[in-house]
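Each value in this text was obtained by applying a stated rule to the coordinates, not by laboratory testing. Everything numeric in this text was worked out from a predicted model, so none of it was measured. Note that we place each Cβ from the backbone using ideal geometry, even for glycine, and neighbour counts take in every protein chain shown.
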Amino acid sequence: MFVRKFTLRDFRSWDAIALEPEPGVTLFVGPNGHGKTNLLEALGYLSALSSHRVSTDAPLIRSGAAQAQIGAVVVNDGRELAIDLEINDGRANRARMNGSPVRRPREILGVLRSVLFAPEDLSMVRGDPGDRRRYLDELLCSRLPRMAAVKADYEKVLRQRSALLKTAGGALRRGTRSTDGASALATLDVWDGHLAAHGAELLAGRLRLVAELDPHVASSYRGIAPESRPASIRYRSSLGASMPPELVEPDHHWIRDDVELLEASFLNELAVARQREIDRGVCLVGPHRDDLELHLGDQPAKGFASHGESWSFALSLRLAAFALLRADGADPVLMLDDVFAELDRTRRTALAAVAADAEQVLITAAVAEDVPAELEARRFGIEAAVTAAGRISRLV
């Protein structure tokens, strides 16, 4: 898979750009703060419908513009697909495929598969569980685009149920049985069923994914840091004792009945947690409370890994994602955002070996010499200038 054509309009510091990258390695070189990362961020957004740098869309739209536009022509096994995305602040984004509007932007998921390794990835090792959940869900939706709808449905139900818990809890704390409070309590069972149904499917997808990822993570880490402790990953579910133990075995063969078993376990744990949830006014059970545990030997990576080990683990997670997507039948586009400067010689060599074998690689660097010489790259210079319309990036 590779991007044959790439266009931007009013995305961050770029007012307009049209590129025709080729298979192989493309290098974008320029000083920090001049717009290199914005290019990879845009392609990453087109691939995952989210940014690796910000959680909202407003910063993506160039100052003074009404919307941002990203477009790409993607070639996969000789077949071309054109996808376009319009990013709006305060209203729904819109997407097109081969020029025709689609009902929801998530319908373009899976057209462009990419793996982006960036300095922000260190948060997957050192940061909050949300960073690791996001890593899993982006990869899950890239491999199985239908899971984006499952996740969206789960989050919609979660918001509704959380609002009900706050209403019920507030009424009980006031010592009253208001109409709103009684109604919330009466309808919680209904929302429990919806939450369990969507949550079980999302949880099953994550469990299967982690089982497939684990050997790739171990292999990638061993290649990057052969003298370090072995790396492994494990999924920790908020279902606790209600989680059927056989479903977390790495060689478990999944069937539809397993999802139904997870749903029943989910409902059981919700019943156990009901009073605590009402007291706190938050939903304490479900995939939104889960974590991906990272281990080096018998210790958690978070808090015990050195700086170099943390970088190695973050890189291993991305290389494992690349290997898994490649095993599905097509190389994802590999994007490396100013990371070679952060890595020592061993890690640079390991990353360069993967990049040299990938179908298309897009790299940013402040200094071209940061990129290993064995990666023969087509090079573009980037600079930014202050204009009446603000700071604008340009190819040079």
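Specify the residue with the greatest mean-square fluctuation among E277, E369, E359, computed from a Gaussian network of the chain linking alpha-carbon atoms under 10 Å apart.
Between E277, E369, E359, it is E369 that shows the largest mean-square fluctuation.
Among the DSSP beta bridges whose two residues both lie in the chain, what percent are antiparallel, rounded to the nearest 5?
Approximately 70 percent, going by the DSSP bridge assignments.
Roughly how big is segment 195-353's charge dipole about its Cα centre, with Cβ charges of +1 (Lys, Arg) and -1 (Asp, Glu), in debye to the nearest 20?
420 debye
Based on alpha-carbon centroids, what's the gap between segment 297-317 and segment 370-396 in Å, whole number please?
Segment 297-317 and segment 370-396 have Cα centres separated by 32 Å.
Per residue and in cubic angstrom, what volume does the convex hull of the Cα atoms of segment 241-346 have? List each step's numbers first, then the result.
Values: hull volume 20.9 nm³, N = 106.
Enclosed volume per residue, from the Cα hull, is 197 Å³.
If you take the beta carbon distance between A18 and E120 as r and set R0 to 25 Å, what does 1/(1 + (r/R0)^6) give as a FRET efficiency, to the nearest 0.05?
With R0 = 25 Å, the Cβ-Cβ based efficiency is 0.40.
Give me the angle, in degrees from 0 to 90, between the Cα long axis of helix 36-48 and the longest principal axis of the Cα atoms of the chain, rounded to the nearest 10.
40 degrees
Relative contact order for the chain using alpha-carbon pairs under 8 Å, separation at least 6, rounded to a whole percent?
25 percent
Looking at the chain as a GNM with Cα springs under 10 Å, which of H295, H253, H34 has the largest mean-square fluctuation?
Per the Cα network of the chain with a 10 Å cutoff, H253 tops the list.
For segment 54-147, what are Rg and Dmax over the alpha carbons, in angstrom?
15.1, 42
Helix 307-327 versus the longest principal axis of the chain: what is the Cα-based angle in degrees, 0 to 90, to the nearest 10?
Once rounded, the angle reads 90 degrees.
Most mobile of F313, F322, F304 per a Gaussian network model of the chain (Cα springs, under 10 Å)?
Comparing F313, F322, F304 in the GNM, the peak value goes to F304.
Of the labelled options (1) 30; (2) 38; (3) 18, which one gives percent of Cα pairs over 36 Å apart as computed for this structure?
Recomputing percent of Cα pairs over 36 Å apart here picks out (1).
Give the span of segment 275-396's Cα atoms along each principal axis, as three whole-Å numbers ordered largest to smallest.
Each principal axis gives a Cα extent; for segment 275-396 these are 62, 46, 34 Å.
How charged is the neighbourhood of H307? Take every other residue with its Cβ under 11 Å from the Cβ of H307, and add Lys/Arg as +1 and Asp/Glu as -1.
Neighbour charge sum, excluding H307 itself: -2.
Please give the peptides 143-155, 239-251 ranked by average Cβ packing (other Cβ atoms within 10 Å per residue), highest first, as a rough proxy for protection. Walk me through the numbers before you get to the answer.
Numbers: 143-155: 17.8, 239-251: 13.7.
Descending mean neighbour count gives 143-155, 239-251.
Sequence neighbours fewer than 8 away in the same chain don't count; with that in mind, list the lysines whose C-alpha is under 23 Å from K166.
Leaving aside lysines fewer than 8 places away in the same chain, those within reach of K166 are K151, K156.
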